[in-house]
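Asks: Structure below; questions to follow.
The values are calculated or read from the model by the stated rules, or taken from the named source; none is laboratory data. What you see is a predicted model; the values in this text were computed from it and never measured. For neighbour counting, all protein chains shown are included, and Cβ atoms are generated from backbone atoms with ideal geometry for every residue, glycine included. Surface areas here come from the heavy atoms of the whole protein model, side chains and all, with no ligands, DNA or RNA. Shrake-Rupley method; radii C 1.70, N 1.55, O 1.52, S 1.80 Å.
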Amino acid sequence: MIVKNKIKSLYAPWRKKYILKETSKNSETPQNCPFCVVDKDLIVFETKKTMIKANKYPYSSGHLLVVPKRHINDLTKLTSKERKELFNLIDLSVYILDIYMKPEGYNIGCSVGSIAGESISHLHFHILPRFSGDVGWNRLGDFNVVCESPQETTKNLREIIIKEKLPKKFGVFSGK
Ligand SMILES: [Zn+2]
């Protein structure tokens, strides 16, 4: 275990598979794109056009992705409806993570183009909860301990959405 300024090393064995895989080459078409062919047990909430999913290879607990269902990798290709829903789902993600984990802040963003660090060429926004004592999100080895699986996170966040009746509050409607 690496200890730097009270920061423990990341325990996230599921990232090994991802790091070893050449995801950028493998995600060029919808048939082998992990956001077009999605694990159902990682979908936190979905509408007809967009979804919130737990990152299968999280940088830290509560790492969510907000994704349009269409295989596009450019913000300018979003329709106005997709754009509106995506930002409503980003709001919803922050709201449920606030209830679930009470983080002190967030990194919210996306990378467009491989030069910017895009690993999967399907537009996606990262929602990464931040706590004092952790470090920048591009220094994967220095993150705090991941203490639950993405499947557990998904299950617990789904329950919050239902219990709090949040789709109506955020103007989004579940659908496939
Ligand atoms: Zn895709």
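Asks: For a 22 Å ceiling on Cα separation, which of these pairs sit above it: LYS81/LYS169; LYS84/LYS155; LYS56/LYS155; LYS56/LYS84; LYS40/LYS155?
Replies: Over 22 Å apart, Cα to Cα: LYS84/LYS155; LYS56/LYS84.
Asks: Is the C-alpha gyration tensor of segment 28-105 telling us rounded, prolate or oblate? Criteria: a/c under 1.5 is rounded; beyond that, a/b larger than b/c is prolate, otherwise oblate.
Replies: Oblate shape, in that a/c is at least 1.5 and b/c is the bigger or equal ratio.
Asks: Please give the per residue accessible area of segment 25-176, computed with a probe of 1.4 Å over protein heavy atoms only, in Å². Each step should come with its number before you reach the end.
Replies: Numbers: 7680 Å² over 152 residues.
Roughly 51 Å² per residue, with all protein chains present.
Asks: For ARG130, enumerate residues with amide H under 5 Å from its amide H, sequence gap 5+ or separate chain, H modeled in the peptide plane.
Replies: GLU104, GLY105, TYR106, ASN107
Asks: I'd like the distance between the alpha-carbon centres of segment 72-104 and segment 156-176, rounded to an integer number of Å.
Replies: Their Cα centres are 13 Å away from one another.
Asks: Would you grab the residues whose amide H sits under 5 Å from the one on CYS36? Only those 5+ places off in sequence or on another chain, please, with H modelled 1.01 Å from N.
Replies: Residues meeting the amide H criterion: none.
Asks: For PHE45, enumerate residues with amide H under 5 Å from its amide H, sequence gap 5+ or separate chain, H modeled in the peptide plane.
Replies: HN-HN under 5 Å from PHE45: ILE52.
Asks: Please give me the summed charge of the neighbours of GLY171: other residues whose Cβ is under 9 Å from its Cβ, Lys and Arg +1, Asp and Glu -1.
Replies: +2
Asks: So, one more: Express in nm, to one decimal, how much length is gained between LYS40 and PHE173 on full extension, taking 0.36 nm for each residue of separation and deducting their alpha carbon distance.
Replies: Taking LYS40 through PHE173 to full extension adds about 46.1 nm, to one decimal.
Asks: Decide, for segment 35-176, between rounded, prolate and oblate: order the square roots of the alpha carbon gyration tensor eigenvalues as a ≥ b ≥ c, take rounded if a/c falls under 1.5, and otherwise choose prolate if a/b is larger than b/c, else oblate.
Replies: Oblate shape, in that a/c is at least 1.5 and b/c is the bigger or equal ratio.
Asks: Given R₀ = 22 Å, what would the calculated FRET efficiency be for GLN151 paired with ILE108, taking r from the Cβ atoms and rounding to 0.05?
Replies: That pair, GLN151 with ILE108, gives E of 0.45.
Asks: Hey, with R₀ at 25 Å, roughly what FRET efficiency would ILE160 and THR79 work out to, going by the Cβ-Cβ distance, to 0.05?
Replies: The formula returns an efficiency of 0.30 here.
Asks: Subtracting the Cα-Cα distance from 0.36 nm times the residue separation, let me have the gained length for GLN31 to VAL94 in nm, one decimal.
Replies: 19.7 nm
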